[in-house]
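Note sheet for the following structure.
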Amino acid sequence: EPEVTQTPSHQVTQMGQEVILRCVPISNHLYFYWYRQILGQKVEFLVSFYNNEISEKSEIFDDQFSVERPDGSNFTLKIRSTKLEDSAMYFCASSEELEGSSGAAYNEQFFGPGTRLTVL
Amino acid sequence: LAKTTQPISMDSYEGQEVNITCSHNNIATNDYITWYQQFPSQGPRFIIQGYKTKVTNEVASLFIPADRKSSTLSLPRVSLSDTAVYYCLALTSSGSARQLTFGSGTQLTVLP
């Protein structure tokens, strides 16, 4: 069964450093997402990406964050200058394009196993 | 501010039916409501998705009233392995801004 993969599984960095989290979505999916989950808290949406541009983003996704699909398989999240409060589990997800013309935006999402980011 | 709220926790016994309700008062007009299950240290896993009325699959049912401001996940005959956190997910709008919003999550504990 195809699955979303993420690397690394754990990233430790110093405050102020740049980090890039990598994801390989399911190959025929066209929608990509990043979420974060601070330890013990709920999952929070960061950004959705479709057709090589951001579809929606949350207030968390400020200028310190960026996403990119550098080739046909990878989807990356960059944090330019990490802060202590960026420590969290970061999940990538992908979904197929919805069939029909319901007008709905988002289909079932398949999540990766996550990258645990620790900022020291 | 868009809010999507759920009960913090619920306890149930094996074999019982469990209903978890989510309130999403700022849901976008034409998008799905989706429910996910999350085990510790894992990514969320899709359970069920619906737009209105009732949807049923092999693991759950989803009830959505006409105003779509809430939804109820129904798990029939839960087992110990259903102990997990359950989240609703909806596309919410606040002014011109839209974002995918997870509910606060409900920790379901199934007891023997």
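The values are calculated or read from the model by the stated rules, or taken from the named source; none is laboratory data. What you see is a predicted model; the values in this text were computed from it and never measured. So basically every Cβ, Gly included, is an ideal-geometry build from the backbone, and we count neighbours across all protein chains shown.
Return yes or no: is B:Thr101 farther than 21 Å from A:Asn107 by Cβ and either within 11 Å of chain A (Cβ to nearest Cβ) or within 15 Å of the chain's Cα centre (by Cα) (or both)? Walk me through it before giving the result.
Numbers: farther than 21 Å from A:Asn107 by Cβ: no; either within 11 Å of chain A (Cβ to nearest Cβ) or within 15 Å of the chain's Cα centre (by Cα) (or both): yes.
When the stated conditions are applied, B:Thr101 does not pass them.
Counting just the residues of the stretch A:38-48 that are in contact (Cβ under 8 Å) with a residue 12 or more places away in the chain and either within 7 Å of chain B (Cβ to nearest Cβ) or within 11 Å of the chain's Cα centre (by Cα) (or both), which one comes out farthest from A:Val119 (Cα to Cα)? Can you show your working first?
In the first step, residues of the stretch A:38-48 are kept if they are in contact (Cβ under 8 Å) with a residue 12 or more places away in the chain; the result is A:38-39, A:43-48.
The next check asks that each one be either within 7 Å of chain B (Cβ to nearest Cβ) or within 11 Å of the chain's Cα centre (by Cα) (or both); those that pass are A:43-48.
Working: A:Val43: 19, A:Glu44: 18, A:Phe45: 20, A:Leu46: 18, A:Val47: 21, A:Ser48: 24 Å.
Of everything passing the filter in the stretch A:38-48, A:Ser48 is farthest from A:Val119 (Cα to Cα).
Name the residue, out of B:Tyr36, B:Tyr86, B:Tyr51, that is facing chain A (nearest Cβ under 9 Å), closer than 24 Å to A:Glu59 by Cα and of a type outside the set (Gly, Ala, Ser). Full working, then the answer.
On the way: B:Tyr86 fails: facing chain A (nearest Cβ under 9 Å); B:Tyr51 fails: closer than 24 Å to A:Glu59 by Cα.
Every option except B:Tyr36 fails the conditions.
Checking the conditions here, which among A:Ser48, A:Ser58 is under 21 Å from A:Ser27 (Cβ atoms) and of a type outside the set (A, V, I, L, M)?
Working: A:Ser58 fails: under 21 Å from A:Ser27 (Cβ atoms).
It is A:Ser48.
If B:Leu111 passes every condition in (1) within 14 Å of chain A (Cβ to nearest Cβ); (2) surrounded by fewer than 12 Cβ atoms within 10 Å (Cβ to Cβ) but one, which one does it miss?
(1)
What is the one condition in (1) within 11 Å of another protein chain (Cβ to nearest Cβ); (2) buried (at least 20 other Cβ atoms within 10 Å of the Cβ); (3) modelled with pLDDT under 95; (4) assigned to a strand (DSSP E or B) that A:Tyr106 does not satisfy?
(4)
Can you give me the ranges of the strands (runs of 3 or more DSSP E) entirely in the stretch A:9-57 with at least 3 residues that are over 24 Å from B:Ser93 (Cβ atoms)? Let's see the steps before the verdict.
On the way: elements: A:10-13, A:19-24, A:31-37, A:44-50, A:53-57.
Because the criterion is at least 3 residues that are over 24 Å from B:Ser93 (Cβ atoms), the strands (runs of 3 or more DSSP E) in the stretch A:9-57 that meet it are A:10-13, A:19-24.
Taking the stretch B:1-42 as the region of interest, how many residues are closer than 21 Å to A:Arg36 by Cβ, over 13 Å from the mean Cα position of the chain (by Cα) and modelled with pLDDT of 95 or more?
So the count comes out to 1.
Residue-wise test of (1) closer than 16 Å to A:Ala93 by Cβ; (2) among the hydroxyl-bearing types (Ser, Thr, Tyr); (3) loosely packed, with under 13 Cβ neighbours inside 10 Å.
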residue: B:Thr5; (1), (2), (3): no, yes, no
residue: B:Gln38; (1), (2), (3): yes, no, no
residue: B:Phe46; (1), (2), (3): yes, no, no
residue: B:Asn57; (1), (2), (3): no, no, yes
residue: B:Leu62; (1), (2), (3): no, no, no
residue: B:Gly95; (1), (2), (3): no, no, yes
